[in-house]
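Below you'll find the structure, written out as structure tokens, and then a few comments.
The values are calculated or read from the model by the stated rules, or taken from the named source; none is laboratory data. Just so we're clear, the structure is a prediction, and the values are computed from it rather than from any experiment. Please note: Cβ atoms are built from the backbone with ideal geometry, for glycine as well, and neighbour counts cover all protein chains shown. Areas reflect the complete protein model, heavy atoms only, side chains present, ligands, DNA and RNA absent. Shrake-Rupley method; radii C 1.70, N 1.55, O 1.52, S 1.80 Å.
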Amino acid sequence: MDFVTMNILDSAMVSICREMGITLMKTSYSTIFNEALDFTCGLADMNGDMIAVADFCPAQIGGMPLLVQSCLKEIPISDIHEGDIILHNDPYRGGLHTPEHTFFKPIFVEGEIMGFAVAIGHIAEVGGMAPGGFCGEATEIFQEGVRIPPVKIVKRGEDNVEVWKLLLANVRTPRVNYGDLKALIAAVDLGEKQMQGIFAKYGKAKVKETVADLLLYSEKRMRAELEMIPDGIYSFDDYVESDGVESDKNHLIHVDVHKNGGSIVMDYHGTSPQAIGPINATLGVATSAAYNAVLHMTDPTIPRNSGCFRPIEVMAEPGSLLNVDFPAPSVGGNTETHPRIVGTILGAMSKALPDRVMAAEGGTHCNFVFGGVDADTKEYFACYDLEAVGWGGRSFADGNSAVDSINGNCRITPVEVYETRFPWLIESLALDTDSGGAGKHRGGLGYSKQMLCVNDVITCSQMTDRHLLAPWGLEGGKEGGCGATLVMKDGEDTWKTMREAYGKASTSRFNNVAIRRGDRVLLRMPGGGGYGDPAERDPDAVLSDLKDGYISKEAAKKYYGYKEA
Amino acid sequence: MKFSANGYYIESYQKCPNCGVLMYANSEEDRKKRVEHEDKTYCSQRCVDWSIAREKRRASAAG
């Protein structure tokens, strides 16, 4: 192996992926891209194996190989031409959920396909039953938006007009969707151009050989990491609360992690059957979550590509919560069930790797979605509001507060931007005292956002989690605080859940509630579980938390033995 | 996964009962590896073996 060229090439390709991301961010229309950064840009070889990616969303990073390879099973390489761009979002064919749109463009060098530039982005408005793409009460895929099989949205450099017309006719915000889709196309255009430069500099043979070495190197590094973990079978159970349709029914995620030498298998058999409502995960999600968990437990300097995924296998029973069968819904699987799968794996590995796991994190992106007609412009607007959570305490540190859930790596939209783009007034946004689970190392804090509706009506839906089942602690650490979604109608003075106010089956998953001018909505995000016995917490840390308002005096006395002077 | 005769839509989905991977009816590469076991079609012998081992392990743990 030529390690020097390999490192240079790897760094160059990761840089290209970052540039693709910057292009997408700066040219997109929706806040989900230009503020929240809910996208991933990568490069793949001609077999669809991921060869480079930058620090984007773990959910999409792990899903990328299966997404591209599924498309290549339907569109043979011989049918892919220079200037084509393929688009796909079908959850049942390697996809993650309907909002996640994958674009990939072939990289031709001297008439030969050498690989693909790939961009995956969460399109905020995809049609279907609820504006904003998250139909919390969906019972079938047809309610979750336009489902796109692998199609060429661009053919030999020209827009495939019939595909564009069909897509834009079935969404509430065609102007914005057009802009966002074009931004994703700009990203893969840039990736293609930059990679052609790499091939021009090094030559096809050298790049091909070096990329193969890079994948092998990543594989070997990952296997060496896995070898250090004691062999065995490690098991854990966690639950997803409700599915938005059948209230008060929890759904089991079970994992047996088989660690054997340099390989690891996540066997999810024993998990609940698929749900009626949209908490189901696709195989792409189950696979991506397995990769995500392993990446979090292993050396972060291992280059991220399909090579480091080779030692990881997934077994997800068809028709289960983690491998949904057509036509059951799955929009919540990629955002809500994915972090729960990761948490289950980390829980299983907590005995083998106590220093490399954390207690449960908040495990939700909030997914408060809404739409309506702007009173000034008369144009339909739609938004996917992504919020953050507290992360779990660790054996060596507190959990981080207000960070996007483990599969996201996204940003919260700043209040100022939110208020400019959408008819809400944000009345408060603050960390919640006592939301981090007590422990020797405390869980990270969640927070609350209170919003006042300043439009005649905004249609709201949500697909969130952790309203009922709190994030668990580890090694004696206490549970983190639960989330909540509350509404105070104009003229009233009490906060109510969506179940109390609108008769919904679930407080955390619902569709199409009309929020009117003067109504208020409170979004409370869960905190992380604690790690270790609270009695062992450093007294100075307790005092510091008190001073900062992270814990109350009552909690300090109850959990940490605090005594007032 | 089986397409309609005209290729415009999917008629049925078939997945390996062990690992859950989608099996494509028109993939020669996939077909070569498939194994029939107890009236089910698996993607590979590895999945058959894993499935049998899992059942034995669970039966032993339950017993």
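Side notes on the structure shown:
- Of all residues in the range A:32-80 being more than 21 Å from A:V294 (Cα to Cα) and of a type in the set (D, E, K, R), the one that is farthest from the other protein chains (Cβ to nearest Cβ): A:E35
- Checking each residue in the range A:143-171 for being crowded, with 17+ Cβ neighbours inside 10 Å and of a type in the set (V, I, T) picks out A:V146, A:I148, A:V151, A:I153, A:V154, A:V171.
- A:S330 meets each of the listed conditions (1) within 19 Å of A:Y268 (Cα to Cα); (2) open to solvent by 10 Å² or more (accessible area, probe 1.4 Å); (3) assigned to a loop (DSSP other than H, G, I, E, B) apart from (2).
- In the range B:1-23, the qualifying residues are those that are in contact (Cβ under 8 Å) with a residue 12 or more places away in the chain and either among the basic types (K, R) or more than 8 Å from every other protein chain (Cβ to nearest Cβ) (or both), and the one that is least open to solvent (accessible area, probe 1.4 Å) is B:M23.
- Among the residues listed as A:N407, A:N334, the single one being in contact with a strand residue (DSSP E or B) (Cβ under 9 Å, 6 or more places away or on another chain) and among the polar types (S, T, N, Q): A:N334
- Scope the range A:440-477; condition basic (K, R), surrounded by fewer than 24 Cβ atoms within 10 Å (Cβ to Cβ) and outside any strand (DSSP E or B); matching residues: A:K440
- Residue among A:G362, A:G347 that alone is modelled with pLDDT of 95 or more, more than 14 Å from chain B (Cβ to nearest Cβ), part of a loop (DSSP other than H, G, I, E, B) and open to solvent by less than 10 Å² (accessible area, probe 1.4 Å): A:G362
- Search result, residues across the range A:299-319 that are within 20 Å of the chain's Cα centre (by Cα) and among the hydroxyl-bearing types (S, T, Y): A:S306
- Among the residues making up the range A:119-141, a single one is of a type in the set (V, I, T), out of contact with any Ser or Thr (no Cβ under 7 Å at 6 or more places or on another chain) and crowded, with 24+ Cβ neighbours inside 10 Å: A:I123.
- Members of the range A:55-88 that are part of a loop (DSSP other than H, G, I, E, B) and crowded, with 24+ Cβ neighbours inside 10 Å: A:F56, A:C57
- Residue check, A:V240 within 23 Å of the chain's Cα centre (by Cα) and outside any helix (DSSP H, G or I): yes
- Residue match in the range A:495-502 (condition: within 19 Å of A:S435 (Cβ to Cβ), of a type in the set (A, V, I, L, M, F, W, C) and modelled with pLDDT of 95 or more): yes
- Among the residues of the range A:287-298, those identified as among the small types (G, A, S) and within 12 Å of the chain's Cα centre (by Cα) are A:S288, A:A289.
- Residue within the range A:532-555 that is open to solvent by 40 Å² or more (accessible area, probe 1.4 Å), assigned to a loop (DSSP other than H, G, I, E, B) and of a type in the set (S, T, Y) present: yes
- Qualifying residue in the range A:275-282 (condition: farther than 24 Å from A:D10 by Cα, out of contact with any strand residue (DSSP E or B) (no Cβ under 8 Å at 6 or more places or on another chain) and not polar (S, T, N, Q)): yes
- Subset of the range A:480-506 that is of a type in the set (S, T, N, Q) and farther than 19 Å from A:M129 by Cβ - its residue that is surrounded by the most Cβ atoms within 10 Å (Cβ to Cβ): A:T497
- Selected residue (criterion: most open to solvent (accessible area, probe 1.4 Å)) from residues of the range A:285-324 that are within 12 Å of chain B (Cβ to nearest Cβ) and touching a residue at least 60 places away in the same chain (Cβ under 8 Å): A:T287
- Scanning the range A:266-284 for residues that are at the interface with chain B (Cβ under 9 Å from one of its Cβ atoms) and open to solvent by less than 20 Å² (accessible area, probe 1.4 Å) yields A:D267, A:Y268, A:H269.
- Of the residues examined, A:S247 is not one that is under 24 Å from B:Y13 (Cβ atoms) and either more than 15 Å from the chain's Cα centre (by Cα) or open to solvent by 10 Å² or more (accessible area, probe 1.4 Å) (or both).
- Of all residues in the range A:227-239, one or more are of a type in the set (A, V, I, L, M) and touching a Lys or Arg at 6+ places or on another chain (Cβ under 6 Å).
- Counting only residues that are over 16 Å from A:G371 (Cα atoms) and either open to solvent by less than 10 Å² (accessible area, probe 1.4 Å) or at pLDDT below 95 (or both), the range A:508-531 holds 9 of them.
- The range A:543-560 residues that are modelled with pLDDT of 95 or more, paired with ones that are open to solvent by 30 Å² or more (accessible area, probe 1.4 Å) and of a type in the set (D, E, K, R) (beta carbon under 6 Å, 6 or more apart): A:I551/A:D434; A:S552/A:D434; A:A555/A:D434
- So A:M25, is it at pLDDT 95 or above and buried (at least 24 other Cβ atoms within 10 Å of the Cβ): no
- For the range B:24-52, taking the residues that are assigned to a helix (DSSP H, G or I) and more than 10 Å from every other protein chain (Cβ to nearest Cβ), the one that is least open to solvent (accessible area, probe 1.4 Å) is identified as B:V48.
- For the range A:218-227, the set of residues classified as closer than 17 Å to A:S11 by Cβ and crowded, with 21+ Cβ neighbours inside 10 Å consists of A:S218 only.
- Qualifying position, being within 14 Å of chain B (Cβ to nearest Cβ), among the small types (G, A, S) and closer than 30 Å to B:N18 by Cα, among A:A352, A:A328: A:A328
- Summed over the range A:371-425, the residues that are without any contact (Cβ under 8 Å) to a residue 40 or more places away in the chain, assigned to a loop (DSSP other than H, G, I, E, B) and open to solvent by 20 Å² or more (accessible area, probe 1.4 Å) give a count of 3.
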